[in-house]
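The values are calculated or read from the model by the stated rules, or taken from the named source; none is laboratory data. Values in this document were obtained by computation on a predicted structure and should not be read as measured data. So basically every Cβ, Gly included, is an ideal-geometry build from the backbone, and we count neighbours across all protein chains shown.
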């Protein structure tokens, strides 16, 4: 296999684990922002719902784009947004 496949798999793993990282610090986030843990939990629920609703449409809109290029672009946006945050 090509090394690029492993790099993309590692990047996808990083994106997914970022979601779960928030779960571990959710009580701290709630405390810092002075909201209940339940309210802070909506942060994850809203994200998951957005992904679930928009994924079929995004997939349909990007059918003509090379999958490796698309994955590389998504990973690049992820890295840049994390650096900015």
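The criterion of at least 3 residues that are in contact (Cβ under 8 Å) with a residue 60 or more places away in the chain is met, among helices (runs of 4 or more DSSP H) falling completely within the stretch 14-84, by 67-84. Taken as a whole, the structure places residue 62 among residues that are surrounded by 10 or more Cβ atoms within 10 Å (Cβ to Cβ) and at pLDDT 80 or above. Within the stretch 1-51, the residues that satisfy the criterion of being within 22 Å of residue 68 (Cα to Cα) and exposed (fewer than 12 other Cβ atoms within 10 Å of the Cβ) are 1, 2, 3, 4, 5, 6, 10, 13, 16, 17, 18, 51.
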